[in-house]
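Report on the following structure.
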Amino acid sequence: EPREDERGAGAAAGEVRVSRRRWAVVLLFSSYSLCNAFQWIQYGSINNVFVRFYGVSTFAIDWLSMSYMLTYIPLLFPVAWLLDKRGLRLIALVGSALNGLGAWVKLGSLRPHLFPVTVLGQVICSLAQVFILGMPSRIASVWFGSREVSTACSIAVFGNQLGIALGFLVPPVLVPNVEDVEKLAYHISIMFFMTAGVATALFILVVIVFREKPPYPPSRAQALIQSRPTEEYSYVQSIVRLLRNANFVLLMVTYGLNAGCFYSLSTLLNRMVIHHYPGEEVNAGRIGLTIVLSGMAGALISGLWLDRTKTYKQTTLVVYIMSLVGMIVYTFTLSLGHLWVVFVTAGVLGFFMTGYLPLGFEFAAELTYPESEGTSSGLLNVSAQIFGIAFTISQGQIMDHFGTKAGNLFLCSFLFLGTVMTAFIKADLRRQQANVESEHTVSKSPFNP
């Protein structure tokens with residue numbers, strides 16, 4: 001039930017109340033986002049098995065992961081524009097449909113000579129991802145009340161992280177590294193069938209459950225937005241303004257360096273672990289799982305900490321330094337011959353590296369207020385994908401020629417560069433400033449002695 005004062009405010013713009021359907025919407029989004037993220041890493045987490053099955057190079061299998069990064073870069077802004085023009089339901093339908101279609105196409109690639117078909121399936125899934133990554137903040141603001149927005153957004157983002165976790169855990173279990181190609185094809189087909197089944201079920205649910213927006217606006221902010229005439233919003237001008245903001249540009253580069261290292265590490269993890277611990281495919285997957293799960297904890301804790309302290313600059317810098325330290329420790333302990341050590345160091349690394357991601361988004365929203373968060377987080381994502389591709393290719397090549405330690409030292413050097421650059425970002429917290437000023441104005445008014 002809306003409270004009295006909300007009824008008063010909502011009378012002009014219709015009533016303000018939250019819809020019961022909102023949790024179904026966010027959980028459903030989270031689920032097909034999970035399914036899509038699973039498909040991103042399902043090849044990388046058993047890289048060596050697919051290399052043998054298709055008779056291609058490790059580099060070719062790495063490209064199956066990088067295709068996700070590549071398609072995102074040119075398509076981000078057209079899809080963001082579509083989201084603004086056509087709304088949530090269409091974007092949700094297209095995203096979940098492409099995700100299912102890609103999964104079915106992969107089922108046509110169960111022979112060693114059909115590698116191009118698997119590439120096509122993965123490219124279709126990578127298109128779906130463009131329709132998924134930009135949705136969480138929009139779903140949260142359109143469907144949820146002001147006290148639930150952050151929770152809803154983190155549930156929406158959580159799905160993607162969980163999908164990566166499952167993508168590390170499940171493929172090594174479903175597809176054991178057997179010699180016989182027929183048997184291998186059978187194991188791979190089970191994984192592809194399960195994925196396609198889940199993706200299809202989720203698409204059908206989206207058709208049934210997903211609505212454009214709830215019958216009533218869930219918050220006053222939404223009520224205001226819905227009552228305003230839609231003005232033309234220029235993405236190009238907004239991007240130009242953001243790129244002129246020196247602090248934001250520094251953050252964009254440092255965010256890209258950190259997230260790019262994380263993408264490269266995730267994509268190449270199977271190769272690194274198998275190199276030092278032959279036959280440990282399942283544990284390589286579990287180490288990937290550890291990185292993601294500890295990262296989810298890190299993201300949650302850093303979000304709560306920011307809400308409490310508002311120390312954006314300090315927190316970002318500390319977490320960046322810890323990512324660097326974690327990466328250095330991981331680099332020098334990987335070859336010691338103790339798998340449990342790798343689990344511990346990878347966990348610490350994941351905690352800080354993934355914990356950094358929401359910090360970057362929040363810090364960007366502070367530095368760029370009142371620009372749309374969609375645009376600033378979109379640019380951060382593009383930066384992450386560009387560095388992700390560059391680092392994955394470079395680190396893969398360095399590992400092939402000079403070994404895993406050299407590849408990891410390569411990442412360490414860029415994390416060091418990112419730490420130094422983070423120190424130069426000025427904490428120009430415009431959103432905080434705006435909140436403080438509006439409170440200040442209220443307290444000065446004659447009705448509030």
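The values are calculated or read from the model by the stated rules, or taken from the named source; none is laboratory data. On a predicted model such as this, the values are computed, not experimentally measured, just so you know. Positions of Cβ are backbone-derived with ideal geometry, glycine not excepted, and every protein chain shown enters the neighbour counts. Quick note on the areas: whole protein, heavy atoms, side chains included, nothing else; ligands and nucleic acids left out. Shrake-Rupley method; radii C 1.70, N 1.55, O 1.52, S 1.80 Å.
Name the residues in region 404-420 that are open to solvent by less than 40 Å² (accessible area, probe 1.4 Å), over 13 Å from L269 (Cα atoms) and over 21 Å from the mean Cα position of the chain (by Cα), would you? A406, C412, T419, listed by residue number.
Scanning region 13-30 for residues that are more than 15 Å from L88 (Cβ to Cβ) and at pLDDT below 85 yields A13, G14, E15, V16, R17, V18, R20.
When A156, A103 are checked against the criterion of being closer than 30 Å to L304 by Cβ, in a helix (DSSP H, G or I) and in the same structural domain as D62 (by the TED database), A156 stands alone in meeting it.
Name, by its number, the condition in (1) within 22 Å of I139 (Cβ to Cβ); (2) more than 12 Å from the chain's Cα centre (by Cα) that does not hold for T392. All conditions pass for T392, except number (1).
Taking L127 as the residue in question, decide whether it is in the same structural domain as A201 (by the TED database), touching a residue at least 24 places away in the same chain (Cβ under 8 Å) and either open to solvent by 30 Å² or more (accessible area, probe 1.4 Å) or touching a strand residue (DSSP E or B) at 6+ places or on another chain (Cβ under 7 Å) (or both). Against the criterion (in the same structural domain as A201 (by the TED database), touching a residue at least 24 places away in the same chain (Cβ under 8 Å) and either open to solvent by 30 Å² or more (accessible area, probe 1.4 Å) or touching a strand residue (DSSP E or B) at 6+ places or on another chain (Cβ under 7 Å) (or both)), L127 qualifies. State the number of residues belonging to region 67-110 that are buried (at least 16 other Cβ atoms within 10 Å of the Cβ) and closer than 19 Å to F193 by Cβ. So the count comes out to 14.
The residue that is most open to solvent (accessible area, probe 1.4 Å), counting only those in region 421-441 that are within 15 Å of T311 (Cβ to Cβ) and either modelled with pLDDT of 80 or more or aromatic (F, W, Y) (or both), is K426. Of the residues making up region 240-273, those that are over 19 Å from the mean Cα position of the chain (by Cα), among the hydrophobic types (A, V, I, L, M, F, W, C) and open to solvent by 30 Å² or more (accessible area, probe 1.4 Å) are V240, L243, A246, V249, L250. Test G285 against the stated conditions and say whether it is buried (at least 23 other Cβ atoms within 10 Å of the Cβ), over 30 Å from F248 (Cβ atoms), modelled with pLDDT of 85 or more and in contact with a Ser or Thr (Cβ under 9 Å, 6 or more places away or on another chain). Considered against the rule, which asks whether it is buried (at least 23 other Cβ atoms within 10 Å of the Cβ), over 30 Å from F248 (Cβ atoms), modelled with pLDDT of 85 or more and in contact with a Ser or Thr (Cβ under 9 Å, 6 or more places away or on another chain), G285 comes out as yes.
Residues that are among the hydroxyl-bearing types (S, T, Y) and crowded, with 24+ Cβ neighbours inside 10 Å within region 31-59 comprise Y32, S33, Y43, S45, listed in sequence order. Within region 167-201, the set of residues being under 30 Å from L83 (Cα atoms), out of contact with any Leu (no Cβ under 7 Å at 6 or more places or on another chain), of a type in the set (A, V, I, L, M, F, W, C) and in contact (Cβ under 8 Å) with a residue 40 or more places away in the chain comprises V198, A199. Scanning region 255-279 for residues that are more than 22 Å from N160 (Cβ to Cβ) and either assigned to a helix (DSSP H, G or I) or at pLDDT 90 or above (or both) returns R271, M272, V273, I274, H275, H276, Y277, P278.
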